[in-house]
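Visitor: Next up is a structure, given as structure tokens.
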């Protein structure tokens, strides 16, 4: 009698497990929908994994999470990779993978697919970056209480519409119009043809304290003072458009329309000089430039016979250009 009772209970347990969908079986219910849960729209550095996983949630016809749904992941743009390429949803219906960005600056895309359901697409921006040494400012005679802007990293990439540039600092910074001891101003030099023999001498070279060179000739620069920043064309030193920066904590981001840069494709060389409202305090890179390429990091030669930036025109903050 005990044997028959034990067998009966065992059968009941197996039956319950099968009907409820055990962890070792297939989906707990037919998947009816897949949506992005988190991880879309990130920015990262070329060749490196994103900071956060790509996550989707799988649900049934009632909108309830589906456990054990198989999700296939694939890279569709940017040349990166995903790991794992297939994952299963948990009790919350969530499955995830990690995206490592491709070797070139620009948009990356990956998809998540469950059976015949429409795929979910994730986008990320792979940025070329240069790290600047901390505590290498060269200010002299700053106003009392001023916090000299100290760059620690500059990153950039074209997203297909804009040239996106992110500036990171040792301490929090604010725009000049906001005011305060930690405001930041400066110039971003842009060499769109990556040719040091054309354009003008970059402001970064004009204001560098000593030694080194960007190896650039600038066709454009961004004047980062006061309100919206002016995009300046160096052939005639005319402001041809404006950009509104986005500040937050110890960084700010600018998105410069490629249309303003002569319809450039985003393959550019960059350098920057930043400072307070009174004078420059730091440059990046300390030598050379931040080169953007679509398949590998670009590089620039030494400074060629570029035209020297004139003493007149748009770039006159911090005094006459030397």
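Visitor: Return the total of residues in region 171-194 being in a loop (DSSP other than H, G, I, E, B), out of contact with any helix residue (DSSP H, G or I) (no Cβ under 9 Å at 6 or more places or on another chain) and over 19 Å from residue 207 (Cβ atoms). First the steps, then the outcome.
Guide: Of the residues in region 171-194, the ones in a loop (DSSP other than H, G, I, E, B) are 171-173, 176-182, 192-194.
Next, from what is left, pick out any that are out of contact with any helix residue (DSSP H, G or I) (no Cβ under 9 Å at 6 or more places or on another chain): 171-173, 176-182, 193-194.
Next, from what is left, pick out any that are over 19 Å from residue 207 (Cβ atoms): 171-172, 177-182, 193-194.
Total satisfying the criteria: 10.
Visitor: Any idea which of (1) over 25 Å from the mean Cα position of the chain (by Cα); (2) at positive phi; (3) surrounded by 18 or more Cβ atoms within 10 Å (Cβ to Cβ) is the one residue 215 doesn't satisfy?
Guide: Here residue 215 clears every test but (1).
Visitor: Which residues, taken from region 214-251, are farther than 14 Å from residue 270 by Cβ and touching a helix residue (DSSP H, G or I) at 6+ places or on another chain (Cβ under 7 Å)?
Guide: 240, 241
Visitor: If you go through region 218-237 one residue at a time, how many are surrounded by fewer than 22 Cβ atoms within 10 Å (Cβ to Cβ) and under 23 Å from residue 132 (Cα atoms)?
Guide: Matching residues across region 218-237 total 2.
Visitor: Then there is this: Out of region 225-238, which residues are under 15 Å from residue 262 (Cβ atoms) and touching a strand residue (DSSP E or B) at 6+ places or on another chain (Cβ under 6 Å)? Before the answer, list the steps.
Guide: Going through region 225-238, the residues under 15 Å from residue 262 (Cβ atoms) turn out to be 231-236, 238.
Residues satisfying the conditions are 231, 232, 233, 234.
Visitor: Shifting gears a bit: Restricting attention to region 120-158, which residues are without any contact (Cβ under 8 Å) to a residue 24 or more places away in the chain and assigned to a loop (DSSP other than H, G, I, E, B)?
Guide: The answer is 144, and nothing else.
Visitor: I'd like the full set of residues that are modelled with pLDDT of 50 or more and outside any loop (DSSP other than H, G, I, E, B), limited to region 1-49.
Guide: Hits for region 1-49 are 33, 34, 35, 36, 37, 38, 42, 43, 44, 45, 49.
Visitor: Oh, and also: Restricting attention to region 201-212, does a residue exist that is out of contact with any helix residue (DSSP H, G or I) (no Cβ under 6 Å at 6 or more places or on another chain), surrounded by 18 or more Cβ atoms within 10 Å (Cβ to Cβ) and part of a strand (DSSP E or B)? So that I can check it myself, show each step before the final result.
Guide: Let us first name the residues in region 201-212 that are out of contact with any helix residue (DSSP H, G or I) (no Cβ under 6 Å at 6 or more places or on another chain), namely 201-212.
Going one step further and asking which of them are surrounded by 18 or more Cβ atoms within 10 Å (Cβ to Cβ), we end up with 201-208.
From the residues that got through so far, the ones that are part of a strand (DSSP E or B) too are none.
Checked against the condition, which is being out of contact with any helix residue (DSSP H, G or I) (no Cβ under 6 Å at 6 or more places or on another chain), surrounded by 18 or more Cβ atoms within 10 Å (Cβ to Cβ) and part of a strand (DSSP E or B), region 201-212 yields no hits at all.
The values are calculated or read from the model by the stated rules, or taken from the named source; none is laboratory data. As the structure is a computational prediction, the values presented were derived from the model and not from experiment. FYI the Cβ positions are ideal-geometry reconstructions off the backbone, even for glycines, and counts take in every protein chain you see.
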